[in-house]
Each structure stands twice: as C-alpha cells, then as structure tokens.
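The values are calculated or read from the model by the stated rules, or taken from the named source; none is laboratory data. Please read these numbers as outputs of a predicted model, since none were measured by experiment. As a convention, Cβ positions derive from the backbone with ideal geometry for all residues, glycine included, and neighbour counts pool all protein chains shown.
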Amino acid sequence: MDPLSATASVIAVLQLSSKVVGYLTDVKDASKERARCAIEACNLHSLLLNLRFRLDEGSADTSWYTAIRALAVKSGPLDQFKQALELLQTKMTDGGRVKNAGEALLWKFKKEEIASILDRMERLKSTVEIALQMDHFKLSQAIVCNTRTIKDDTASVRVHVEDIEYRNLLEWVSPLDYPAQQSDVIKRRQEGTGQWFLDAPEVAKWRSEAKATLFCPGIPGAGKTMAAAIAIDSLLKSEQDSSVGVAYVYCNYKDRKEQDVTGMLAAILKQLLQDQPSLAEPLTRLHEQHAHKGTRPSADEISTTLQSVILELSTVYIVVDALDECRNDDGTRRWLLARIRDLQSKADVRFLATSRFLPDIIDEFKELGRLEVRACDEDVRRFVAGQVHRLPNCIQRKHELQELVQDKIAQSVDGMFLLARLHTDSLLDKRTPKEIKVTLARLSKGSAALDGAYKDAIQRIEGQLAGDCERAKNVLSWITYAQRPLTTAEICHALAVEHQEEELDPENVPDMEELVSVYAGLVVVDEESRIVRLVHYTTQEYLERIRETWNPKAQLDIALTCLTYLSFGSFKKGSCSTDAALENRLQCSVFLDYAAKYWVQHTLPVQDDAYDLACSFLLHRESISCATQVMSVSTYRYPGHSKGFPHNTGFIHLTARFGLTILLKRCLESGKREVVNSVDSKDSYDRSGLYIAAENGHAETVNLLLDKGADLLFNKGANINAQGGHYGNALQAASYGGHEQVVKLLLDKGADVNAQGGRYGNAFHAAAYEGHLRVLELLMSKETAMPLHDRYGRTLLWWAAAGGNTATVEVLVTRYSFDPLMPNKFGQTPFWIASKKGYIEISEFLGKECGDTEIQRQALPGNDDNRTSISCDVCTLNVKGNAFHFHCQYCAGGDWDMCAECKGRGAFCEDATHLLVKRTTNKGNWVEVTS
C-alpha cells in the first residue's frame, strides 16, 4: 500500500466519524449513553486528525510506516471500524435524510449494543495512540489483536442490522399486529379453562387431517375468541417444525378499514415469514416493485406471494376469529374465504374459523367440520374461582359463599361466558352476604340476560361520584363512536382537550390507570398494544342502542374535540416539509392522527351545531394543509410519503370531498368572500370542488355547487365540462366511480356526454372499464351520445373486456351488437385483451360469439410475464418488470404511462406535443433514462 492509500483510509474514517458526531450532537436526548458516544467519537476524531498529519510528514520507507499500512489494509482496524460507523449511520438516517438521531439511536440500540460500539471506539483509540507513539512493534501487536476482535463485533452488528431490515420488510407488507392481540387474549385465560375445546375429537381431526376445515360457531359471548386463542397457543407451542406454519386473524368491527382482503392476507403472509427469512425471496421481489414508488401490492399480488411461501411449507394452519365481524357489504368476507379455499386447493392448509350463527356464514361451511363453542359449567366455575380475590371480603372469608357464587353464576350463563364475567363484576360493590345473595337471586339466564347485565353496569356507573360518572360516560362514548380502535394515550389526550383553548395543557391529561376503575367492567386495556376496547362486541351493540338517550351530546363533543385539536396553534404552521418532520409531529401530537383522519365522520351528523368551529378551521389554509397531509399519509411508510397529498386545498375542496353540504351551503349563503370567490378554484391535482364532489359521489354537494355558480349559467364558477384531474372532467370522474345519481344530475345540467380527455378518454370508456352498466346505459340514453371508438380504435366492448367486466361485456354484445373481433388501431380485439389479461369467463363468452379458433389460439393468456404495478394507459396491460415505459407528467393528473410496445406502434398521450419521460427499474426504483 502506498502512502496515499494509507492517508486516504484515515481521511475516509475522519469524514464519516465527523458525520456521526454531527448526528449525535444534534440530538435533544440527554442520555449518558448518547453523551459517551459523542465524547468518544470526538476524541477518536481528534486522534485520527493527528495521525493524518503524522502520515503527511512521515517517510514511506520507515518501519513505523510499514506498520501503519497494516492499520489501513482491507478488513484492517480502520476499514472494519469504518464499516461499523456506516452501519451506525444507516440506523440513524432514513434514505439519506437524517432522523431524530438520538431517538433512533436510543430506541433501536440496546444498552449492550451501545456498550459494544463504545468498546470498539476505545480499542481503535488505543491503537491510534500507540501509532502516534511511533513504536512500530507495539503497533503491529495491537493491530493483530484489534483486527480479530473488531471483525467479530462487526459481524454481530451486521447481523443485528440485517434483522432490523427484515423486520422492516415484514412491517412494510402489513402493519397489523395480531401476535400482540393473541398475547393479550391468552393472558386473560383462566388457567385450566378451554381444555374441553382442545380435547374435542373435531379439533383433533382438524389438526391431523390434510386440508381440513373446522367451523366453530357460537352464540354472542360464548367464548369463541378465547377458544381461537387457546387453539392458536396450542399450535404455536406444539408445532415447532420449521416446515409447519401458523397464522391467524382476529376480525374486529372497529378495524374494518384495515381489515380488507389484501390486509388480512398480508398479515397471514407476515406471520408465516416472521421466523423464516429463508422463504422471503417472493416478498423481497414484491417489495422491490412497490416500496420506493409508494404503491401497495394488490390482493392478487399478495395472494401469489402467499401461495409461493405456503408451497414451501409442509402444513399451514390458518385461524380466523370472529368471521361475523369481518365486513361483507363490499364482499370482503366472501373473498377472504374464497382466497383461503384456493390456497387449500394447492397446499395442505388447515383452516379454522369462529363466528356467530349468521345464515350466510353457516352456508359457507356446509358439510364441513363443525364444533359449537359454549361455555361449560366447569370452566365457568374455574373462572369465578379465579376472580375471588377481586370480590368483597365477605365472599373471600366464607368458602360456602364462594361455592354459592360459583353455582349461581354457572347456572345463569347458559353457555355464555361473557355473562359469567358481567355477573361477577355485578358483585364488586356488594358488602354483605345478604346483598350478595339478593344479587345472585336476581341473575337472569341466557342471551336475554345480557341487556340486564349491561343495564346493571350502567346503573353502577351512574351511582358513582359525579366526576367519575362523567369520565366513564365520556370514555365509553369515545370508544363507541370511534372509527378505529383508540390507544390509551389517544383517549387521554382527547379527554384533555379544552374547547376554546389553543394548545393542550399537559396537566389536564388524565391517568388511564385511574380511569379504568370507573368503567364497571365494560372496558379492557390490551397490555401489548395499549388499545382500549369494550369487553365484547355485544357491549358496543348495547351502547349504540342507548347512546342517544344516555349521552345525547357525545357525537357533538367528539366532533368539537377533533376540530379544536386541529385548530391548535402548533398546526397553523402548515404541513411538514420532510418525512422526518411529519413523523416527529405525529409522535409529539398523539391525537393528531385520529383527529385529522376522522373529524369528518364525527362532524357530518352535527354540521349545524359544529358550524362555527368547523368554519373557523376550514377557513384557515395552514390548518387545512396540516390535516390534509396527515389524513392522506399512508399507513405504509416509504421515502417521500409526506409529499403525497393535494396542496392548495381549501374550504370548497374539503367540503366537496366529504359531502359537508350543510357547512358549504351555510357558508355560501352567508356570503363569506373567501368561499364564494373560490367556487371554481383548483387544488394541486387540478381538481375543482365540482370535480371532487362528483368523484366522491356527493350528489347534493354537486347540485349545490352548480346552483351556486359552478357552471356557465352564472357569472362566477367554472365550466361544467372543464378539463382537469385524473379523470378529465366531473362527468368522467362520476362515471368511473359508478355514481349514477351524480351522472344523471350532471347530464341534466348540461354536461357534454361526449367530452374527451382524462385517463379513459371519455365517460363511456370509464364506465365500461369499471363495469358500471347502469351508468353506461344512462350515458348512452342521451340523444347526443356518440359512444364510438377512441383515437386508437378501442370500442366500448374493448374497454369492458379490458376491465374484466363479464356482465357489461355480455350486454354490449347481445343488446348493442358490439363486435368481439373489432380490432383497435394496433390489431388488438376485445377477445385478445380479455384473453391476454386472463379473464377466462369473458374469453370463453367472446370465443363462442366469434367462433374463430385461430384468433383464440393467438390470444392465449400471457400470465408468465414478470410485470410491475404500472399499467399502460393504451393497452391496459401492466408494464414488464425488465422493460422500459414512458411517463407523462401532465396527462391524467400526472399519472399517465405507456409501455414500450405501444410507443413503438405509434401511440402517444392525450397531447402529442407533450415530452414523455423514458423510465426503467433499478433496484425497485423507477429511474429516468436517456433514449
């Protein structure tokens, strides 16, 4: 190694150590570990700087310089320490952007890891000090010793970082943490209960029979969730073979937004890979396709990846609890079951589900294994015996009274474990044996007893001190009305909000542990997730029935709390400019995520009463910017996630987006200049209020905007046919969304049914592609309608086939006589595109209609292509993973792409004068390339 190489190595470490010192110095955390890291790094930097100057002055032919070269060789002390610093830097930065370094360091490093880093700093410092003494013999010995030790430590740190990266990959595919919920549920199990379930022949058969399914229905409160948790716990403990996978889903009526088919399948995939990094290659590829673009995998992509992983395992157990709480109005439950059965057809997947007795769910499990879940008397007695320590002293002191309590409660529950818990809680405030016996004598039986038990609980709450009663009412109302599960911190901060105040007073934040005691047993707190839940789904149902009379102003109070919080002075600074700043804001402002994302749902029913505060908030542009950024940010973080929201959003845009028609009407009628003058304003996505209202299907808001000037009939306002936004105009946006009432309204108001532009060219094609047959027929009923082919010769039938909409295809062929073999400009027929995209049912129908076997053979599905999530806006096929594609940043709201094949055939975007950017993939990122 020449002198320049040795000097270069020292300089490289100097530069890196300087950066790390900068990160550590900027940290606000004052911990001793951080301070020691900063001090040691500074000391080492000073010594290395001294060494660099000695190298500049030294002679390359001396023994000392020879020893120094060993210090700087590849994998030597300097090189290995540089690698360790790089790993440390990686953990304190986010894609090159500095995080809150101290928080990241202290959060991600354990104490022993920090000690290891300090130890390596100390060793290198000692070595450099020896080097500065000019003793080449001691230096050589120190280098040999340190090289071996540092190498071992560096390998350990690298393994740790790889583990963190793997956990980040799993967190990317699914943020749902069912293992934490499993831990919380199983902790509440009374020892010895539920053994009957594990010992049942039906369970034994399910566990031993390939591709078996076991359906476990039960009445509300029977203990179905606990039975599922006990089964999962048994599987996790007994199935230690790495070729056996166990995954589970806890459906929850409050988590319906997160629990769609894609989310639940992704959670199953995450669990199967939790301790199986050797099987993660399919997920890694999926991550590379999506992560850096901020896109999310589709249900099909997750299913394919999940199937790939399952095929590597010998047996997979899947448990889904509370299938009845999985939403089905959008087909989620049906599709989930279909996906699991598809997996069962390909691999040894053993499926267990619990549910209430709902007819449509029972039909799904006909002729399959079945075991009803009921609370047995023995388990109820065990449970009550385990609660004696909580009961009054008069019960604890008398064994015969304990026996009476167990007997009476066991007799009353009639298979409903929840009643055992509620009846036990009903004894907590009784102080004499007579009071105990009177209460036990009043216990009613069976499902009819639930309402009585809840009524007693409410009476116990109202019998408390006035302050405790008010707090209990507020918390129960928050949980009942909440749009998603709330954490203890979120509820405490929500309760601390004071109307008319500009900031949150920390001294007004209540202690959750004190609040728990006033709920009369109706609330539980998950220890792992710190989520506050009602004790059972039936509790939610009961409180929903009484909430309008028990706490009639709760919805308004919640709406005002959210609006007050969003109007805080700290949020009037506007949106955050970086990902790190946004994450820091969310961490510091615990209630911001919920308030920003759900203020609308709470305000909609009380718009008149919340008018003043809602208007004050909506008329403050910077407050809106802050809230819009938070409500738009994805659950899945990716570089630049803080940028993905519409800027220049105002009162008109938000009221139009969410259908806040009463607020909008009162504001317009009051003549507020900032609102009236912005009726035609557009956000950064080139969308007007009219477009946004149409896109979201808010007919009343569309009508209001049209009546108040958002069309050509008035002096103010924009043209009803004006171009803008992803779908070109309001009519195409409404047609794409299938909003029949809005489409009819726009047509009646004079919207041009043939208007061109947007992603799909016109409203006809948008409706056909999405399969909105009633909307399509409404458009075609207009006398001026001309649903001909577009500039590439794509007919309505072509678009319907490309969208995979069988019913629409059949109607267009049989009723409107569209030709399945009518080619577009590039020779691609409706039959071709349906076959190419793998729509078998449409292909078979069109094949019979055209009867051309040669064309059928030419149009075999091309499913073997490795394709990305980017679809071509000309042929609608997804772009191949290793191919170029062309992007237009102007058309369709900046979301217009075209594959190389279509570009080669002469296709172009909506405006042939636009300059298209050529792109390809590089390590999962789309990068621009020169032609």
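Here is a check on your reading of the model: is C576 over 27 Å from T225 (Cα atoms), touching a Cys at 6+ places or on another chain (Cβ under 9 Å) and either among the basic types (K, R) or not in a helix (DSSP H, G or I) (or both)?
Yes: the conditions hold for C576.
For segment 294-317, which positions are in contact with a Ser or Thr (Cβ under 6 Å, 6 or more places away or on another chain) and either acidic (D, E) or not in a loop (DSSP other than H, G, I, E, B) (or both)?
Matches in segment 294-317: A299, I302.
Which one is surrounded by the fewest Cβ atoms within 10 Å (Cβ to Cβ), of the residues in segment 836-892 that are assigned to a helix (DSSP H, G or I) and modelled with pLDDT under 70?
Of everything passing the filter in segment 836-892, E854 is surrounded by the fewest Cβ atoms within 10 Å (Cβ to Cβ).
Taking segment 395-420 only, how many residues are out of contact with any Gly (no Cβ under 7 Å at 6 or more places or on another chain) and closer than 20 Å to R460 by Cα?
4
Which one is nearest to V413 (Cα to Cα) among residues in segment 347-395 that are of a type in the set (D, E, K, R) and in contact with a Cys (Cβ under 9 Å, 6 or more places away or on another chain)?
It comes out as E372.
Scan segment 183-217 for residues that are assigned to a loop (DSSP other than H, G, I, E, B) and either touching a Phe, Trp or Tyr at 6+ places or on another chain (Cβ under 8 Å) or on the phi < 0 side of the Ramachandran plot (or both) and jot them down.
R188, R189, Q190, E191, T193, A200, E209, A210, A212
Take E513 and decide whether it is under 30 Å from L323 (Cβ atoms), out of contact with any strand residue (DSSP E or B) (no Cβ under 6 Å at 6 or more places or on another chain) and not basic (K, R).
Considered against the rule, which asks whether it is under 30 Å from L323 (Cβ atoms), out of contact with any strand residue (DSSP E or B) (no Cβ under 6 Å at 6 or more places or on another chain) and not basic (K, R), E513 comes out as no.
Between A482, A489, which is hydrophobic (A, V, I, L, M, F, W, C), surrounded by fewer than 18 Cβ atoms within 10 Å (Cβ to Cβ), touching a Lys or Arg at 6+ places or on another chain (Cβ under 9 Å) and more than 18 Å from L418 (Cβ to Cβ)?
A489
Of all residues in segment 366-383 being in contact (Cβ under 8 Å) with a residue 60 or more places away in the chain and of a type in the set (A, V, I, L, M), which is nearest to T424 (Cα to Cα)?
Result: A375.
I'd like the residue in segment 517-550 that is surrounded by 15 or more Cβ atoms within 10 Å (Cβ to Cβ) and without any contact (Cβ under 8 Å) to a residue 40 or more places away in the chain and, out of all such residues, is farthest from C469 (Cα to Cα).
Only one residue tops the list, namely E541.
Applying the selection to segment 517-542, what residues are on the phi < 0 side of the Ramachandran plot, charged (D, E, K, R) and in contact with a strand residue (DSSP E or B) (Cβ under 9 Å, 6 or more places away or on another chain)?
D526, R533 - these are the residues of segment 517-542 that are on the phi < 0 side of the Ramachandran plot, charged (D, E, K, R) and in contact with a strand residue (DSSP E or B) (Cβ under 9 Å, 6 or more places away or on another chain).
Do the conditions hold for Q402, that is, is it free of Cβ contacts under 8 Å to residues at least 12 places away in the same chain, more than 42 Å from the chain's Cα centre (by Cα) and under 18 Å from Q190 (Cβ atoms)?
no
Quick check: is even one residue across segment 648-663 outside any loop (DSSP other than H, G, I, E, B), out of contact with any helix residue (DSSP H, G or I) (no Cβ under 9 Å at 6 or more places or on another chain) and over 23 Å from Y594 (Cβ atoms)?
no
Looking only at residues that are hydroxyl-bearing (S, T, Y) and modelled with pLDDT of 90 or more in segment 653-683, which one is surrounded by the most Cβ atoms within 10 Å (Cβ to Cβ)?
By that ranking, first place goes to T655.
Tell me which residues, restricted to segment 263-293, are under 19 Å from V319 (Cα atoms), surrounded by 15 or more Cβ atoms within 10 Å (Cβ to Cβ) and of a type in the set (D, E, K, R).
Correct list: K270 only.
Given the options D300, D260, D199, name the one that is closer than 25 Å to Q181 by Cα and out of contact with any helix residue (DSSP H, G or I) (no Cβ under 6 Å at 6 or more places or on another chain).
D199
Can you tell me which residues in segment 595-630 are under 25 Å from P175 (Cα atoms), crowded, with 17+ Cβ neighbours inside 10 Å and not β-branched (V, I, T)?
A595, A596, K597, Y598, W599, C626, A627, Q629
Restricting attention to segment 732-744, which residues are over 18 Å from P787 (Cα atoms) and either crowded, with 20+ Cβ neighbours inside 10 Å or free of Cβ contacts under 8 Å to residues at least 24 places away in the same chain (or both)?
Result: G737, H739, V742.
Hey, which of the helices (runs of 4 or more DSSP H) in segment 318-407, taking only ones fully inside, have at least 1 residues that are of a type in the set (D, E, K, R) and touching a helix residue (DSSP H, G or I) at 6+ places or on another chain (Cβ under 9 Å)?
By residue number, 332-346, 359-364, 377-386.
(1) closer than 21 Å to G758 by Cα; (2) outside any helix (DSSP H, G or I): which one isn't true of P820, the others all being true?
For P820, the failing item is (1).
For segment 455-514, how many residues are among the acidic types (D, E), assigned to a helix (DSSP H, G or I) and under 22 Å from K597 (Cα atoms)?
1
Which of the residues that make up segment 267-303 are over 15 Å from the mean Cα position of the chain (by Cα) and of a type in the set (V, I, T)?
Across segment 267-303, the qualifying residue is only T284.
Of the residues T603, T649, which is under 20 Å from G569 (Cα atoms) and hydroxyl-bearing (S, T, Y)?
T649
Report, by residue number, each residue of segment 218-253 that is in a helix (DSSP H, G or I), at pLDDT 90 or above and under 17 Å from D177 (Cα atoms).
Once the filter is applied, which keeps residues that are in a helix (DSSP H, G or I), at pLDDT 90 or above and under 17 Å from D177 (Cα atoms), segment 218-253 yields T225, A228, A229, I232, D233, L236.
Quick one: would you say L788 is more than 24 Å from L704 (Cβ to Cβ), free of Cβ contacts under 8 Å to residues at least 12 places away in the same chain and aliphatic (A, V, I, L, M)?
For L788, the condition - more than 24 Å from L704 (Cβ to Cβ), free of Cβ contacts under 8 Å to residues at least 12 places away in the same chain and aliphatic (A, V, I, L, M) - is met.
Select, from P506, P510, the only residue that is modelled with pLDDT of 85 or more and touching a Leu at 6+ places or on another chain (Cβ under 6 Å).
Matching residue, one of P506, P510: P510.
I need a count of the residues in segment 294-306 that are among the polar types (S, T, N, Q) and either without any contact (Cβ under 8 Å) to a residue 24 or more places away in the chain or surrounded by fewer than 17 Cβ atoms within 10 Å (Cβ to Cβ) (or both).
Counting residues in segment 294-306 that are among the polar types (S, T, N, Q) and either without any contact (Cβ under 8 Å) to a residue 24 or more places away in the chain or surrounded by fewer than 17 Cβ atoms within 10 Å (Cβ to Cβ) (or both) gives 3.
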